[in-house]
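Undergrad: If you scroll down you'll find the structure; I have some questions about it.
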Amino acid sequence: MSTNNEQLQELFDRIPRRHTADNVKEIYGILDAYEDLLTTLEANARYEQLVAPFFELLDPIRTSLKKSNDNKASKKQKDDLFDEGSGMLKDSMKDLMGLLEGEA
């Protein structure tokens, strides 16, 4: 599972810190790659039940990121929504990393 941990760490390290239109696009790509990694883990019977709850967080993260790109939102609202979405993604990835290390 070390390759999964490495992929997860690489994705985690790529998460942008500030809200910009380019960073929103980048984080969507990271989120898609994270979902692909979860799907790969889910295919393994050993991890199937363990990773299921992580899928539930993907939609709220996407919603927050989508709202952070709303033209009607103020700069502060966009920053806050982006921080919320990226924070949820980071927390989810940290939890998964801990889970995988505990199972290895």
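We did not get these values from a lab; they are worked out from the coordinates using the rules stated. Because the structure is predicted, anything quoted here is derived from the model rather than measured. As a convention, Cβ positions derive from the backbone with ideal geometry for all residues, glycine included, and neighbour counts pool all protein chains shown.
Undergrad: Which value, in debye to the nearest 20, gives the size of the charge dipole of the chain about its Cα centre, when Lys and Arg are +1 and Asp and Glu are -1 at the Cβ? Let's see the in-between values first.
TA: On the way: 14 positive and 21 negative charges, 134 e Å.
Dipole about the Cα centre, nearest 20: 640 debye.
Undergrad: On the Cα set of segment 3-102, report Rg and Dmax in Å, please.
TA: Answer for segment 3-102, Rg first and Dmax second: 13.9, 45 Å.
Undergrad: Relative contact order for the chain using alpha-carbon pairs under 8 Å, separation at least 6, rounded to a whole percent?
TA: That works out to 34 percent.
Undergrad: What angle, in degrees between 0 and 90 and rounded to the nearest 10, separates the Cα long axis of helix 21-42 from the longest principal axis of the Cα atoms of the chain?
TA: 20 degrees
Undergrad: Does anyone have the angle between helix 58-67 and the longest principal axis of the chain? Alpha-carbon axes, 0 to 90°, nearest 10?
TA: Result, in degrees: 10.
Undergrad: What are the lysines whose alpha-carbon lies under 16 Å from the alpha-carbon of Lys25, with same-chain residues fewer than 8 places away excluded?
TA: Lys66, Lys67, Lys78
Undergrad: Now for a different question. Just from its helices, what would the mean residue ellipticity at 222 nm be for the chain, if runs of 4 or more DSSP H residues each count -39500 (n - 2.57) and the sum is divided by every residue, rounded to the nearest 500 deg cm²/dmol?
TA: Helices in the chain give a 222 nm mean residue ellipticity of -26500 deg cm²/dmol.
Undergrad: Charges only on Cβ, +1 for Lys and Arg, -1 for Asp and Glu: so what's the dipole of segment 33-73 about the Cα centre, in debye to the nearest 20?
TA: Dipole of segment 33-73, to the nearest 20 debye: 260 debye.
Undergrad: Further, regarding this structure: Tell me, in nm to one decimal, what length is gained between Asp36 and Ser74 on full extension, where the rule is 0.36 nm per residue of separation less the Cα-Cα distance?
TA: Values: separation 38, 0.36 × 38 = 13.68 nm, distance 3.25 nm.
Full extension of this stretch gives 10.4 nm more.
Undergrad: Based on the Cβ-Cβ distance of Phe55 and Arg18, what FRET efficiency does E = 1/(1 + (r/R0)^6) give at R0 = 41 Å, to the nearest 0.05? Write down the numbers at each step before the final one.
TA: On the way: r = 27 Å, r/R0 = 0.66.
It comes out at approximately 0.90.
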